[in-house]
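A.B. asks: Right, I'll just put the structure down here and ask away after.
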Amino acid sequence: MSQVTEVERATHSSPTVAPLFGAVLAGMVAIASVVWSLPRGLDGTDEGYYLNEIAHPSDSSATALLFGWFWHPLYAVVGESVVGLRFIGMALVTAATVALTLGLLSLVWTRDVPGQEAPSRPHRSVPAAVGLCLVAVGLALIPLSVLPLTPSYNTLALLALLCTAVGCRYAWVGERVLLGGAVIGLGGFLAVVAKPTTALVLGIVVLLLTPWSRRLLPGVAAAAGVLVLLGAILVAAFPGHLPALVTVVERGVEATVGHPHLVRFDRFRVDRVMLLSALAAGALGALAGLVAAPSGAARSGRKQLTKQAVATVLGLAAALPAVVALARAWRDGTTRNFDLFQPQATLYVFGLTLALAALTSLAALVRRSADRPSSVELRLAALLACLPLAYAFGTNTNLWRFSGHVVVFWFLAVLILTRGSGWLATSASGVATYAVLVAGVSTPLAPYRSAPILDTAPTQVSRGGQTIALPPAQARLTAGVLEVGRGLKVSRETTVLDLTGESPGTIWAWGARPMAQGWVIGGYADSATSARVAINPVACRLRTALVLRATEGSRRALPDDVLAQWGVRVPDDYRVAAEYLVPEDPLVPTGSLRAVQVLVPVTARPTGCGA
């Protein structure tokens with residue numbers, strides 16, 4: 001067996017916290033920012049849709065996204081508190097990320113390598129493990145920064161991928177095959193409930209990468225058992241059970257809008273400043289790792305202390321590109337661009353780091369180095385490399401941009417290939433410093449479809465009395481919406497059909513029940529056709545359902561003739577009972593306003609529904 005060279009020692013040296021200081025502090029900032037934001041801000045479009053599906057998962061007549069069934073019991077446990085539900089979502093993501101990070105570190109830090117002084121790995125290096133966990137959690141919370149804080153199918157898909165990776169780590173190694181298999185089954189179920197497209201890719205990847213052998217049979221049985229058990233619970237809870245569930249999902253696939261292609265490889269503008277900033281942060285991180293690596297002349301004493309001090313400064317300096325980018329965006333008023341362009345920029349740089357780590361591992365394999373990664377480590381790294389693509393598959397936005405929301409998996413893949421130490425690991429930590437610091441700072445400055453949440457006041461946001469801190473302008477509009485609901489005596493039994501294409505949050509705020517879907521989405525070429533598919537099974541409810549109708553100028557509104565096939569004329573068969581104001585463009589919440597009409601049925605008599 002060959003001896004480990006000095007180059008390999010520098011690449012896979014014992015991890016030290018010094019080069020990680022910048023990344024650890026950035027992770028702490030990101031975590032604190034998300035926690036601080038939990039009771040602040042509320043989006044009326046996507047987040048309203050999430051809340052409708054969670055509050056009334058059985059009301060959707062056409063959906064392929066069953067995430068509401070998972071979050072609904074937790075929503076009930078916290079007393080239908082949005083803030084409480086957000087906290088649970090964040091806590092679950094954090095716990096799963098910590099479990100995965102510690103599991104991977106325990107794997108690569110405890111394998112003896114011939115040719116190195118014992119112990120060959122920094123067994124139970126607590127400071128480094130804590131630091132890397134903080135960095136990983138900061139990265140895992142990026143989706144909560146660029147998307148609404150309320151958990152959704154995206155949150156559940158992330159949890160599914162994290163759980164599956166945790167299960168594979170233990171089952172594939174053979175340490176806890178039964179437990180690992182059970183966790184894989186849990187991850188598979190969560191993926192199916194979250195996004196069937198994610199479940200499809202995840203299943204294929206796990207099947208291809210699993211090191212199949214007889215010793216894994218108990219794990220396979222455990223995975224299948226958990227998957228079947230949880231599926232049976234869902235089927236038992238679903239009204240009409242399996243036949244109804246299949247029908248709803250089939251309609252949901254037919255009624256999906258805005259997805260002409262399952263994968264979008266279309267060109268997406270990369271912000272050069274963000275890309276260069278991430279590269280600079282990665283370079284500073286790599287330099288910090290090289291400085292911190294022990295060499296024969298500086299293994300102890302004053303020289304080593306000096307090296308660690310310099311590495312600490314360089315690790316902290318990795319935050320400078322993020323600070324400069326944030327200051328520039330604040331000056332130019334382009335803070336919202338981070339949500340659009342940063343994920344793809346950081347994905348590219350993480351991809352470069354991962355490619356270098358893979359080449360280093362390949363070289364070690366070719367040389368049959370004693371420090372080469374094991375077969376299981378390579379399989380786990382390949383699994384983690386595929387997970388961002390599984391997360392993004394089926395999204396209605398650019399594949400690479402959406403994959404960039406979950407770069408935590410590529411960060412962890414680098415940790416496996418580098419044993420969590422060396423200049424490549426600290427380079428990845430440098431990129432993470434940029435990504436999580438920008439996400440953490442921009443969360444309150446540019447929340448999803450909301451004005452900045454720095455200046456807010458506690459505001460009642462629902463008929464049930466829930467309170468969330470909102471910006472002043474949004475607080476006034478919310479008060480107007482609730483006043484209309486009270487005037488119309490809207491209750492939990494009231495059904496509301498939203499034809500504005502952008503008002504699911506109003507239905508949730510009133511405590512009413514959404515008709516057809518949690519969000520009847522407008523604005524796409526196939527929106528009207530999809531709406532008819534969803535409305536058809538429940539068309540008889542048009543006799544009593546309130547209808548939300550946009551006034552002129554709305555780009556997302558469904559056409560008035562969308563109900564014509566059931567003989568219902570909008571607005572002729574209704575009277576305008578009230579109006580309330582909303583932003584003219586939900587993407588610009590501080591812009592001009594327009595009115596939404598609340599229609600009450602007068603002569604609405606859908607055909608085929610009897611008297």
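The values are calculated or read from the model by the stated rules, or taken from the named source; none is laboratory data. Bear in mind the structure is a predicted one, so any value in this text is a computation, not a measurement. Neighbour counts are summed over all protein chains in view; Cβ atoms, including those assigned to glycine, are modelled from backbone coordinates with ideal geometry. Heavy atoms of the whole protein, side chains included, go into the accessibility calculation; ligands, DNA and RNA do not. Shrake-Rupley method; radii C 1.70, N 1.55, O 1.52, S 1.80 Å.
A.B. asks: If you check every pair at least six apart or on different chains, which have Cβ atoms under 6 Å apart with a residue in the stretch 570-589 that is touching a residue at least 60 places away in the same chain (Cβ under 8 Å) first and a residue that is outside any loop (DSSP other than H, G, I, E, B) and charged (D, E, K, R) second?
C.D. replies: Pairs found: V570/D560.
A.B. asks: Test S300 against the stated conditions and say whether it is at pLDDT below 75, open to solvent by less than 60 Å² (accessible area, probe 1.4 Å), of a type in the set (S, T, N, Q) and more than 30 Å from W400 (Cβ to Cβ). Give the derivation first.
C.D. replies: Values: at pLDDT below 75: yes; open to solvent by less than 60 Å² (accessible area, probe 1.4 Å): no; of a type in the set (S, T, N, Q): yes; more than 30 Å from W400 (Cβ to Cβ): yes.
When the stated conditions are applied, S300 does not pass them.
A.B. asks: Of everything in the stretch 345-365 that's under 12 Å from A385 (Cβ atoms) and of a type in the set (A, V, I, L, M, F, W, C), which residue is surrounded by the fewest Cβ atoms within 10 Å (Cβ to Cβ)?
C.D. replies: Here the answer is A355.
A.B. asks: While we're looking at this one, here's another question. I need the full set of residues from the stretch 27-59 which are of a type in the set (A, V, I, L, M, F, W, C) and within 19 Å of the chain's Cα centre (by Cα), in order please. First the steps, then the outcome.
C.D. replies: First, pick out the residues of the stretch 27-59 that are of a type in the set (A, V, I, L, M, F, W, C): 28-32, 34-36, 38, 42, 51, 54-55.
M28, V29, A30, I31, A32, V34, V35, W36, L38, L42, L51, I54, listed by residue number.
A.B. asks: Does the stretch 366-384 hold any residues that are open to solvent by 30 Å² or more (accessible area, probe 1.4 Å) and of a type in the set (G, A, S), and which are they?
C.D. replies: Result: S374, S375, A382.
A.B. asks: Filter the stretch 490-506 down to residues that are of a type in the set (V, I, T) and under 20 Å from G480 (Cβ atoms) and give me whichever is surrounded by the fewest Cβ atoms within 10 Å (Cβ to Cβ).
C.D. replies: First, pick out the residues of the stretch 490-506 that are of a type in the set (V, I, T): 490, 494-496, 500, 506.
Those left that are additionally under 20 Å from G480 (Cβ atoms): 490, 494, 496, 500, 506.
Details: V490: 23, T494: 18, V496: 23, T500: 23, T506: 25.
Ranking the qualifying residues of the stretch 490-506, first place goes to T494.
A.B. asks: Of the residues A557, A509, A550, A525, which single one is open to solvent by 20 Å² or more (accessible area, probe 1.4 Å), under 21 Å from R449 (Cβ atoms) and of a type in the set (A, V, I, L, M)? Before the answer, list the steps.
C.D. replies: Details: A509 fails: open to solvent by 20 Å² or more (accessible area, probe 1.4 Å); A550 fails: open to solvent by 20 Å² or more (accessible area, probe 1.4 Å); A525 fails: under 21 Å from R449 (Cβ atoms).
The unique qualifying residue is A557.
A.B. asks: R40 is checked against (1) without any contact (Cβ under 8 Å) to a residue 60 or more places away in the chain; (2) crowded, with 19+ Cβ neighbours inside 10 Å and fails just one. What number does that condition carry?
C.D. replies: That leaves (1) as the condition not met.
A.B. asks: Evaluate the following for A534: is it part of a loop (DSSP other than H, G, I, E, B) and closer than 27 Å to F67 by Cβ?
C.D. replies: Values: part of a loop (DSSP other than H, G, I, E, B): no; closer than 27 Å to F67 by Cβ: yes.
When the stated conditions are applied, A534 does not pass them.
A.B. asks: Output the residue which, of all residues in the stretch 163-193 that are touching a residue at least 24 places away in the same chain (Cβ under 8 Å) and either of a type in the set (D, E, K, R) or in contact with a Ser or Thr (Cβ under 6 Å, 6 or more places away or on another chain) (or both), is most open to solvent (accessible area, probe 1.4 Å).
C.D. replies: The extreme case among them is I184.
A.B. asks: Would you point out which residue out of R492, R486 is more than 21 Å from P583 (Cβ to Cβ) and modelled with pLDDT under 95? Even if it seems obvious, please write down each step before you answer.
C.D. replies: Details: R486 fails: modelled with pLDDT under 95.
After applying the criteria, what remains is R492.
A.B. asks: Filter the stretch 309-346 for residues that are assigned to a loop (DSSP other than H, G, I, E, B) and either in contact (Cβ under 8 Å) with a residue 60 or more places away in the chain or of a type in the set (S, T, Y) (or both) and give the result. Break it down into steps so the answer makes sense when it comes.
C.D. replies: Going through the stretch 309-346, the residues assigned to a loop (DSSP other than H, G, I, E, B) turn out to be 318-319, 333-336.
Within the stretch 309-346, A318, A319, T334, T335, R336 qualify.
A.B. asks: Would you say A469 is at pLDDT 95 or above, closer than 30 Å to R486 by Cα and either of a type in the set (A, V, I, L, M, F, W, C) or out of contact with any Phe, Trp or Tyr (no Cβ under 7 Å at 6 or more places or on another chain) (or both)?
C.D. replies: On the way: at pLDDT 95 or above: yes; closer than 30 Å to R486 by Cα: yes; either of a type in the set (A, V, I, L, M, F, W, C) or out of contact with any Phe, Trp or Tyr (no Cβ under 7 Å at 6 or more places or on another chain) (or both): yes.
Spelling it out, A469 is indeed at pLDDT 95 or above, closer than 30 Å to R486 by Cα and either of a type in the set (A, V, I, L, M, F, W, C) or out of contact with any Phe, Trp or Tyr (no Cβ under 7 Å at 6 or more places or on another chain) (or both).
A.B. asks: Still on this structure, I have one more. List every residue pair whose Cβ atoms lie under 7 Å apart, where the two residues are 6 or more positions apart in sequence or sit on different chains, the first residue falls within the stretch 54-78 and is under 11 Å from L156 (Cβ atoms) and basic (K, R), and the second residue, located anywhere, is open to solvent by 10 Å² or more (accessible area, probe 1.4 Å) and modelled with pLDDT under 95.
C.D. replies: Within 7 Å, no pair qualifies.
A.B. asks: Report whether or not L105 is open to solvent by less than 10 Å² (accessible area, probe 1.4 Å), closer than 23 Å to G430 by Cβ, out of contact with any Phe, Trp or Tyr (no Cβ under 9 Å at 6 or more places or on another chain) and at pLDDT 95 or above. Steps first, answer last, please.
C.D. replies: On the way: open to solvent by less than 10 Å² (accessible area, probe 1.4 Å): yes; closer than 23 Å to G430 by Cβ: yes; out of contact with any Phe, Trp or Tyr (no Cβ under 9 Å at 6 or more places or on another chain): yes; at pLDDT 95 or above: no.
It is false that L105 is open to solvent by less than 10 Å² (accessible area, probe 1.4 Å), closer than 23 Å to G430 by Cβ, out of contact with any Phe, Trp or Tyr (no Cβ under 9 Å at 6 or more places or on another chain) and at pLDDT 95 or above.
A.B. asks: Out of L384, L399, L378, I need the residue that is out of contact with any Cys (no Cβ under 6 Å at 6 or more places or on another chain) and more than 29 Å from V146 (Cα to Cα). Which one?
C.D. replies: Details: L384 fails: more than 29 Å from V146 (Cα to Cα); L399 fails: more than 29 Å from V146 (Cα to Cα).
Exactly one residue qualifies, and that residue is L378.
A.B. asks: Within 22 Å of L51 (Cα to Cα), of a type in the set (F, W, Y) and at pLDDT 95 or above: does that describe W508? Don't jump to the end; show me each part of the working.
C.D. replies: Values: within 22 Å of L51 (Cα to Cα): yes; of a type in the set (F, W, Y): yes; at pLDDT 95 or above: yes.
Yes: the conditions hold for W508.
A.B. asks: OK, next. Do you know which of the residues in the stretch 356-380 that are outside any helix (DSSP H, G or I) and within 22 Å of T426 (Cβ to Cβ) is modelled with the lowest pLDDT?
C.D. replies: The qualifying residue modelled with the lowest pLDDT is D371.
So that you can scan it fast, the table gives a plain yes or no per residue for (1) within 23 Å of V17 (Cβ to Cβ); (2) among the charged types (D, E, K, R); (3) modelled with pLDDT of 90 or more:
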| residue | (1), (2), (3) |
| --- | --- |
| V77 | no, no, yes |
| G84 | no, no, yes |
| F87 | no, no, yes |
| M90 | no, no, yes |
| A99 | yes, no, yes |
| P119 | yes, no, no |
| V126 | yes, no, no |
| V130 | yes, no, yes |
| C133 | yes, no, yes |
